[in-house]
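As structure tokens, the structure follows; a few thoughts come after it.
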Amino acid sequence: MNAEERVRLLREVELAGNCSNPIRIKGEMVNLATGEVGVSSLHISCKDRRTVICPSCSYTYKADAWILVSTGLLGGKGTPEEVRTHPRLFVTLTAPPFGVVHTITARGTCVSTARSAPHEGRGQTCRHGRSRICRERHLKDCLELGRPLCSECFDYEGAVLWNAHASKLWNNTVQSIRRTLADTGGLGQRNLKRVAQVHYLKVAEMQRRGLIHFHAILRADGAGSVDAEPPSWLTSESLALAVSRAARTVSAVGLDGRAIRWGERFTIQDLGHTEEDTTKVPSYVAKYATKTTDGTKELARPFHSRRQIRHLIDDPHAQALALTAWDLDLCATWAPLRLQDHAHAFGFTGQLITKSRDYSTTFKALRGARAEFMSSRNLGDPLEGTFHYEGRGYDDPKATQLAELFFSMHRELRMEGAEARRRGATPVPESI
Ligand SMILES: [Zn+2]
Ligand SMILES: [Zn+2]
Ligand SMILES: [Zn+2]
């Protein structure tokens, strides 16, 4: 490779924002300064949120997710600072048990017995002769964690269908919270917005047992505008009461008429007490936003066939969940859920991060601001034209390695800079 080619390769990787697997676009461009027309090929970043797919884009996504959560709690980027005085809760809602699985306490003791499903009864052994109690001490990265003690007893169909209806259950929960609050304020069920609003941001996390649970931030504002004070009766306490009532009573009706409900375990944390909580929660949510179903590449994208699931997924529990989703799609009742498209997410059909419109800024606005900033740094002549999709990846495979190397250097320098600032020393420059 000669010097000119090397410079071109470096520039290509830089323009794609160190993306590992960029989108290739091609088009005819007019140079607005000279009127010259030429064919241009460009690489733009893939914007994939998953670390295993693209470390660089995932890092940017994580930062955006952090801003999205944080500005909804503390204000900024168009959200008024008054929100920090409003009632704000951090809520975790989980799925019910679908079979006894290995689960550990902080001390490593297995608490599998606490997670038994109603259909399994209460005996020491199941009807397949397997023990229903595990007396092991598990390490945090033990492969057994989340796996059932008896895979024949585990209700795979129930688990996948629960995941498939989880988003609907969440929507019903938000409606129920708003209705309960309207009731508390002595208003008609649909009249809460005359005096107050409830906004949320939620992130879905896949538990090791293969069931989705939701972490959500809920905030109550006054009517009309986000900076308006909520009425005096709408406090963290009344909001928490409405949430716990919804978690215990709300259901979603499945396509076969079955009722889908939350599990008994849920937590509600008041974020109004310490400043520390409002800085910890955005990091917590951003961390989950860049994970795949189980943190591997194999469960990052939809499957093409049943055979592919059997071939790619080694973990027997994960494989059974994905195969169950695949097979349920063949049944007319469940066909509208398109479960084969979501077999890699064990039937979960929803978005990973969702929020109500006025919770805070949007991913789109943050990306727009970044694009504007980048174009303001581009000192070349302005270009105009139409591009079309050409394919994925760089022309030279070495560019992918280069992108990942650049990204890790950027990240190390940023971390060193942050560490130096903490120690009060001269910060290391943030770009290379
Ligand atoms: Zn990328
Ligand atoms: Zn165990
Ligand atoms: Zn059994």
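Go through the residues of region 356-368 one by one and say whether even a single one is at pLDDT 80 or above, surrounded by fewer than 17 Cβ atoms within 10 Å (Cβ to Cβ) and touching a helix residue (DSSP H, G or I) at 6+ places or on another chain (Cβ under 7 Å).
The answer is yes; a qualifying residue exists.
For region 122-174, how many residues meet the condition of being part of a helix (DSSP H, G or I), open to solvent by 20 Å² or more (accessible area, probe 1.4 Å) and away from ligand 3 (no atom under 16 Å from the Cβ)? Spell out the reasoning first.
So in region 122-174, the residues part of a helix (DSSP H, G or I) come out as 156-174.
Next, only the ones that are open to solvent by 20 Å² or more (accessible area, probe 1.4 Å) stay: 156-157, 167-168, 171-172.
In the following step, the residues that additionally are away from ligand 3 (no atom under 16 Å from the Cβ) were identified as 167-168, 171-172.
Residues that pass the stated criteria total 4.
Residues 136, 157, 144: which one is more than 16 Å from ligand 2 (Cβ to nearest atom) and among the acidic types (Asp, Glu)? Lay out the reasoning, then the answer.
On the way: 136 fails: more than 16 Å from ligand 2 (Cβ to nearest atom); 144 fails: more than 16 Å from ligand 2 (Cβ to nearest atom).
The unique qualifying residue is 157.
Within region 201-220, identify whether any single residue is over 27 Å from residue 345 (Cβ atoms) and touching a residue at least 60 places away in the same chain (Cβ under 8 Å), and answer yes or no. I'd like the intermediate steps shown before the answer.
Start the filter on region 201-220 by keeping residues that are over 27 Å from residue 345 (Cβ atoms), which leaves 219-220.
Narrowing further to those that are touching a residue at least 60 places away in the same chain (Cβ under 8 Å): 219-220.
Yes - at least one qualifying residue is present in region 201-220.
So if I check each of 271, 312, 239, 234, which one is surrounded by 15 or more Cβ atoms within 10 Å (Cβ to Cβ), under 27 Å from residue 345 (Cβ atoms) and of a type outside the set (Lys, Arg)? Don't jump to the end; show me each part of the working.
Working: 271 fails: under 27 Å from residue 345 (Cβ atoms); 239 fails: under 27 Å from residue 345 (Cβ atoms); 234 fails: under 27 Å from residue 345 (Cβ atoms).
None of the others qualify; the one that does is 312.
Considering every residue within region 161-168, establish whether at least one is within 16 Å of ligand 2 (Cβ to nearest atom) and not aromatic (Phe, Trp, Tyr). Walk me through it before giving the result.
Start the filter on region 161-168 by keeping residues that are within 16 Å of ligand 2 (Cβ to nearest atom), which leaves none.
No, there is no match, as no residue in region 161-168 is within 16 Å of ligand 2 (Cβ to nearest atom) and not aromatic (Phe, Trp, Tyr).
So which residues in region 345-376 are closer than 16 Å to residue 166 by Cβ and part of a helix (DSSP H, G or I)?
345
Within region 186-203, which residues are charged (D, E, K, R) and part of a loop (DSSP other than H, G, I, E, B)? Break it down stepwise before answering.
Of all residues in region 186-203, those charged (D, E, K, R) come to 190, 193-194, 202.
Residue satisfying the conditions is 190 alone.
Mind listing whichever residues of region 204-231 are in a loop (DSSP other than H, G, I, E, B) and either open to solvent by less than 10 Å² (accessible area, probe 1.4 Å) or of a type in the set (D, E, K, R) (or both)? Working first, answer last.
The initial filter retains those residues of region 204-231 that are in a loop (DSSP other than H, G, I, E, B), namely 207-211, 223-231.
Hits for region 204-231 are 208, 209, 210, 211, 227, 229.
Say whether the condition of being more than 16 Å from ligand 1 (Cβ to nearest atom), farther than 29 Å from residue 407 by Cβ and open to solvent by less than 20 Å² (accessible area, probe 1.4 Å) is met by at least one residue in region 60-80.
Checking region 60-80: at least one residue is more than 16 Å from ligand 1 (Cβ to nearest atom), farther than 29 Å from residue 407 by Cβ and open to solvent by less than 20 Å² (accessible area, probe 1.4 Å).
Could you tell me which of the residues 111, 91 is at pLDDT 90 or above, in contact with a strand residue (DSSP E or B) (Cβ under 8 Å, 6 or more places away or on another chain) and of a type in the set (A, V, I, L, M)? Walk me through how you get there before you give the answer.
Details: 111 fails: at pLDDT 90 or above.
Only one candidate passes the filter, namely 91.
Go through region 31-51 and give me each residue that's under 28 Å from residue 399 (Cα atoms), of a type outside the set (Lys, Arg) and assigned to a loop (DSSP other than H, G, I, E, B). I'd like the intermediate steps shown before the answer.
Just the residues of region 31-51 that are under 28 Å from residue 399 (Cα atoms), to begin with: 31, 37-51.
Next cut, of a type outside the set (Lys, Arg) only: 31, 37-46, 48, 51.
Correct list: 45, 46, 48, 51.
Inside region 1-30, can you point out the residues that are open to solvent by 40 Å² or more (accessible area, probe 1.4 Å) and part of a helix (DSSP H, G or I)?
Listed by number, the residues that qualify are 3, 4, 5, 6, 7, 8, 10, 11, 14, 15.
Of all residues in region 65-114, which are hydrophobic (A, V, I, L, M, F, W, C) and assigned to a strand (DSSP E or B)? Walk me through how you get there before you give the answer.
Here is the first cut: in region 65-114, the ones hydrophobic (A, V, I, L, M, F, W, C) are 65-69, 73-74, 83, 89-91, 93, 95, 98, 100-101, 104, 106, 110-111, 114.
If the condition is that a residue be hydrophobic (A, V, I, L, M, F, W, C) and assigned to a strand (DSSP E or B), then 89, 90, 91, 93, 101, 104, 110 are the ones that fit.
The values are calculated or read from the model by the stated rules, or taken from the named source; none is laboratory data. Quick caveat: nothing in here was measured; it's all calculated off a predicted structure. Please note: Cβ atoms are built from the backbone with ideal geometry, for glycine as well, and neighbour counts cover all protein chains shown. What goes into the accessible areas is simple: the full protein's heavy atoms, side chains included, and nothing from ligands, DNA or RNA. Shrake-Rupley method; radii C 1.70, N 1.55, O 1.52, S 1.80 Å.
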